[in-house]
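Take this structure, written in structure tokens, and hold onto it; I'll ask about it next.
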Amino acid sequence: MTETITLTHPAAHAEGRAMNGARSAVETLAATGVEVCFANPGTSGMHFVSALDHEAGIRPVLCLFEGVATGAADGYARGLR
């Protein structure tokens with residue numbers, strides 16, 4: 001039997017939702033100024049993509065292939081220069 005462990009973040013607790021690792025990572029990225037996330041969602045990354053939906057400060061860009069995600073992120077970063 002698998003046990004699910006959820007951590008409670010003070011802000012999450014105040015809103016009545018549980019904090020998990022993906023949501024904590026996304027909130028940390030948003031707090032450090034990340035505005036866009038290029039992602040290739042697979043089975044292991046779905047929790048992270050779901051957490052992106054709950055963070056208004058980060059715009060997710062979903063790509064169908066890892067090479068497209070890395071190429072798009074590289075092109076986006078070069079365009080910001």
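Would you grab the residues whose amide H sits under 5 Å from the one on residue 36? Only those 5+ places off in sequence or on another chain, please, with H modelled 1.01 Å from N.
Under 5 Å from the amide H of residue 36 lie the amide H atoms of 59, each far enough along the sequence or on another chain.
Taking the mean number of other Cβ atoms within 10 Å as a proxy for protection, how do you rank 38-50, 20-32, 69-81 from highest to lowest?
20-32, 38-50, 69-81
Near residue 30, within a Cβ-to-Cβ distance under 11 Å, what is the net charge of the other residues, with Lys and Arg +1 and Asp and Glu -1?
-1
A short reminder: the numbers here are calculations on the coordinates, not readings from a lab. All values reported here derive from a predicted model rather than from experimental measurement. Because the Cβ atoms are built from the backbone with ideal geometry, glycine has one as well, and the counts that use them run over all protein chains shown.
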